[in-house]
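Read the structure below first, then the notes.
Derivation of every value follows stated rules applied to the coordinates shown; laboratory data play no part. Note that the structure is predicted; figures quoted are calculated from it, not measured. All Cβ positions, even for glycine, are placed from backbone atoms using ideal geometry, and neighbour counts span all protein chains on display.
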Amino acid sequence: MYRVLLGAAALLLATTGSMAYAYYHSSYWNRVGMAPGQPILFSHRHHAAELRIDCRNCHSTVEDSAFAGMPSTRTCLMCHSQIFTDTTMIQPLVESAALNVPLQWNWVNRLPSHVFFNHGIHVRKGVACTTCHGEVGKMALMVKGESLTMRWCLDCHRDPGPRLSPPADIFAAVSSGAQPGGTRPDLAGFYRVKTGALTDCTTCHH
């Protein structure tokens, strides 16, 4: 009887551990592919890919700040003060302007408070929007494109070259991908990426 109970306990422990491991590494835990609710149903596919609106029009501080910036009511009204103003979808924007209350966008990608991330330095060193955010030009609703776990970030920090993009592709809504059969340029050298300290704890944890 004792052996049966011991075996059952071991089996339960192993099963629980396996389930916990699978859950922690699942897209549900990391929320990859999930789209949080937003005050306006904004489509990156329509705006960034079909209309080819540059990312920096809405994320205006992405090149020189830790925070990429989110579009203000005024930014949206640059277009929508004239078009689609009578649609139900745009009513939250109209009300935001009328009441002078900023739009409250919900985070799609959020790092723990103990992690320091700077958009500006990554962009300047050749990290394209799609590298971390996924193929935003194909997203009707913005979803989390990558896990953004510590392991995921360290994989890039250890060998950034293959994950960098040419300057013309940094703000592309859809990644161009590697050229089949072609030789990849030394982008790490081009951007002068110094890998020596990229895996130091203090690089991301100040």
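Structure above, values below:
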| quantity | calculated |
| --- | --- |
| Proximal lysines to K194, defined as alpha-carbon separation beneath 22 angstrom and excluding residues fewer than eight positions away on the same chain | K125 |
| Convex hull volume per residue in cubic angstrom - Cα atoms of the stretch 34-117 | 122 |
| Fewest-first ranking of M142, M89, using other Cβ atoms within 10 Å as the exposure measure | M89, M142 |
| The stretch 43-170 - charge dipole about Cα centre, Lys and Arg +1 at Cβ, Asp and Glu -1, debye rounded to 20 | 280 |
